[in-house]
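What follows is one structure encoded as structure tokens, with my remarks underneath.
Every read-out reported here was derived from the displayed coordinates using simple, explicitly stated rules and does not represent laboratory data. Because the structure is a prediction, the values reported are computed rather than measured. Cβ sites come from the backbone with ideal geometry, for glycine too, and all protein chains shown count toward neighbours.
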Amino acid sequence: MDHLSELENKSIYILRESYNQFDNLAALWSVGKDSTTLVWLCMKAFFGEIPFPVVYIDTGYHFQEMYDFRDMAVQKWGLELILARNDRALEDGMGPESKLACCTALKTQALKDCIAEHGFDALLLGIRRDEHGIRAKERVFSPRDQQFQWDYENQPPELWDQYSARADEETHVRVHPLLHWREVDIWRYIQRENLEVSELYFARDGKRYRSLGCASCCAPVPSEAATVGDILAELETTSTSERAGRAQDKEDAYTMQKLRALGYM
Amino acid sequence: MDSESLAFVLVGHIDHGKSTLIGRLLHDTDSLPAGKMEEIQAAAEAEGRELEFGYIVDHLSEERKRGITIDTAQTFFTSDVRDYVIIDAPGHKEFIKNMITGASQAEAAVVMCSVAEGVQEQTRRHAYVVKLLGLEQVIVLYNKMDLVDYSEKRFGEVKRDMDAFLSRLGVTPTIEVPVSAKCGDNIAARFDRMPWYDGPTALETLDRLRKMPPPTTKPLRLPIQDVYQIDSTSIGVGRIESGVLQAGQELHFLPDDRTLTVRQIRKYLEDGVASAEAGECIGVVLDGPTPSRGQVGCPLEDRPTQTRRFRGTTFWMSAQPLQVGQADLTFKCATQEQPCTVSRLNERIDSGSLEHLETEAGRLDETEVGELVLETAEPVVLESFYDVRELGRFVLLKGHTVVAGGIVTHTQD
């Protein structure tokens with residue numbers, strides 16, 4: 001079996017395991033390439049009918065192209081979309097002056113409220129180990145307590161593909177079906193599956209986005225890559241890290257750890 | 001373009017240089033992103049410590065402050081031959097469950113042993129876990145050669161101890177290399193400081209490892225994972241754990257003891273799938289009621305064992321000891337799940353020394369290994385771990401927590 005099929009089968013196994021083990025599951029979809037791949041893998045795992053909603057966290061600061069892509073994909077794949085948005089923080093003028101406070105209010109809090117409203121006991125997330133050192137420490141099934149805290153010093157053991165799936169009543173579980181994929185795997189898979197992704201990933205005027213988030217906190221990288229093939233060729237030679245354009249990774253050495261301990265993705 | 005990827009776990013005693021080796025491998029194979037060295041330099045300065053390669057993998061602030069790895073992490077790098085996933089395992093006894101978590105995802109193991117300290121408790125414990133989990137390809141790196149003036153004599157002494165221990169375990173190392181992860185000797189490059197060593201470097205050694213193919217030549221085993229209704233068709237989904245499935249063939253399901261015909265193999269957007277093999281997640285449409293989760297499909301003439309009582313070896317990972325007769329455990333193997341009890345504990349073994357602590361014991365403590373007899377409430381479908389691994393390995397849960405991992409050694413008591 002080839003490498004991409006190996007990755008795909010492992011993800012499908014995890015997705016089916018999650019759907020079997022949890023009563024009220026949802027997928028988190030940022031419309032970025034990873035979570036779009038996640039949604040596509042759900043289409044494959046569930047034979048074209050995803051039996052749970054996808055949640056889009058709207059910070060109000062996203063690119064217009066992201067909203068357009070979202071609406072197109074919802075139509076095409078027949079997705080049940082749930083919007084999570086912290087309107088109160090937005091009305092109070094929350095903005096990206098402090099990354100830690102802003103991400104926590106507009107993403108983490110919006111997600112908390114959404115989980116509470118819909119009673120989700122598990123969330124599928126498209127994070128990958130190679131994105132950030134702190135994500136390299138994650139489990140496939142990762143429990144969160146009532147305060148959303150990630151107890152990264154005392155994670156449960158996870159052997160082979162035996163996932164301890166059931167959350168105690170006061171917790172939800174983060175499920176990471178793409179943890180074992182690398183950035184280059186995602187792009188090769190997008191190419192193989194002929195999967196449509198946001199146009200922001202492709203170069204315009206000598207620049208493209210390698211990782212998508214809020215317009216205010218994402219910087220494009222210099223690039224001439226205008227097709228998936230170009231991007232793959234670029235990844236072969238580049239030594240710039242994928243999240244180099246993401247401001248919240250840089251505020252200080254441990255911002256990601258702090259964000260994630262508070263329930264960030 | 002397609003590439004091959006091989007995952008290996010890096011194990012060994014605390015401070016024998018595992019994290020340093022990862023940093024060195026990434027650095028020497030140009031696998032570090034631009035700015036990474038500068039970033040870890042800044043983090044080291046902020047905490048008033050010397051720059052260490054270990055910073056590349058030790059990402060938690062507590063890990064860097066204490067200079068130890070707490071949790072397993074996975075790092076990627078590429079050689080001229082293939083892509084690698086390095087699974088870094090913590091060397092502290094208290095984080096052994098993280099080490100086992102990491103090792104269970106690996107296809108090969110690299111044991112790091114400092115020649116300054118020699119074989120230590122976690123060296124032995126980790127090697128034992130590697131053996132238990134059935135990792136057959138084992139590389140030993142004798143690290144910190146720089147601290148012993150690259151002495152061939154010292155290398156020989158530690159190697160003798162290690163070989164003696166490994167042979168007690170029944171492990172034959174694929175290859176053994178003297179290295180200095182800190183200075184780079186015999187990692188990706190050869191320097192002239194160990195002229196007495198003419199074997200391969202650590203990187204060449206890794207490139208010689210074999211990629212383990214999925215068990216397609218073993219008998220067919222298809223545990224049902226779930227049943228979906230799609231367009232009023234009932235589809236049983238599951239992953240083929242071993243062997244090959246053909247559309248149109250008969251499948252016998254255990255423990256139900258029913259034979260059904262495979263009308264269709266289903267994959268999304270693929271019509272007329274004729275066959276599927278080990279490792280593939282598929283759906284099957286059958287000519288009768290679809291068996292439920294936990295049923296195992298197999299050929300009529302080549303069935304696994306169905307039993308309520310069997311023998312296994314387990315590694316206990318909970319601070320609360322296992323008590324013989326304790327009634328609140330759950331057995332999980334593939335997609336099967338059953339309440340179970342440990343009815344006998346034949347041997348209690350110290351995983352750090354291999355010492356047999358007790359026979360016919362009543363309890364098993366954290367980090368100890370037990371050879372035991374398990375009884376499940378209803379029959380389960382099993383194989384010896386040495387025949388079909390996927391149906392021969394299991395976990396035990398207490399409540400929602402995994403408290404032990406184990407392998408089936410005898411499918412009948």
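For region B:153-226 versus region A:49-126, the spacing of their alpha-carbon centroids is 47 Å.
Taking each DSSP H run with n ≥ 4 as -39500 (n - 2.57) and averaging over every residue of the protein assembly as shown yields -7000 deg cm²/dmol at 222 nm.
Write down the percent of antiparallel bridges among all DSSP beta bridges whose residues are both part of chain A, to the nearest 5. Within chain A, antiparallel bridges account for around 45 percent of the total.
Put the Cα centre of region B:90-138 next to the Cα centre of region B:375-407 and the gap is 22 Å.
Residues B:SER151, B:SER242, ranked from the fewest to the most other C-beta atoms within 10 Å, line up as B:SER151, B:SER242. When only Cα pairs below 8 angstrom with a gap of at least 6 residues are kept, chain A shows a relative contact order of 22 percent.
Listed values for region B:296-301 are Karplus-derived 3J(HN,Hα) couplings in whole Hz (6.51 cos²θ - 1.76 cosθ + 1.60, θ = phi - 60°), namely 10, x, 8, x, 3, 8, and x replaces Gly and Pro.
Highest mean packing comes first when the peptides B:100-113, B:310-323 are listed by Cβ atoms within 10 Å, giving B:100-113, B:310-323.
Just list whichever of A:LYS99/B:LYS398; A:LYS137/B:LYS218; B:LYS36/B:LYS153; A:LYS99/A:LYS137; A:LYS112/A:LYS207 have alpha carbons separated by over 29 Å in the model shown.
In this structure, A:LYS99/B:LYS398; A:LYS137/B:LYS218; B:LYS36/B:LYS153; A:LYS112/A:LYS207 exceed 29 Å between Cα atoms.
Taking amide H atoms as placed 1.01 Å from N in the peptide plane, the amide H of B:THR305 lies under 5 Å from those of B:LEU382, each 5 or more residues away in sequence or on another chain. Here the Karplus curve 6.51 cos²θ - 1.76 cosθ + 1.60, taken at θ = phi - 60°, turns the phi angles of region B:226-232 into couplings of 6, 10, 10, 9, 10, 6, 6 Hz, with x standing for Gly and Pro.
Relative contact order, whole percent, for region A:39-133 stands at 26, derived from Cα pairs under 8 Å and 6 or more residues apart. Give me a comma-separated list of calculated 3J(HN,Hα) values for region B:178-193, in order, Karplus coefficients 6.51, -1.76, 1.60 applied at θ = phi - 60°, integers in Hz, x for any Gly or Pro. Along region B:178-193, the couplings run x, 9, 10, 5, 5, 9, x, 5, 6, 8, 9, 10, 9, 10, 9, 8 Hz. The amide H of B:ILE230, built 1.01 Å from its N in the peptide plane, has B:ILE235 as neighbours under 5 Å, considering only residues 5 or more places off or on other chains. Of all beta bridges that DSSP places with both ends in the protein assembly as shown, some 75 percent have antiparallel geometry.
Neighbour counts of other Cβ atoms within 10 Å put B:MET212, B:MET194 in the fewest-to-most order B:MET212, B:MET194.
When only Cα pairs under 8 Å and 6 or more residues apart are kept, what is the percent relative contact order across chain B? List each step's numbers first, then the result.
Working: 961 pairs, mean separation 47.8, N = 413.
Relative contact order of chain B: 12 percent.
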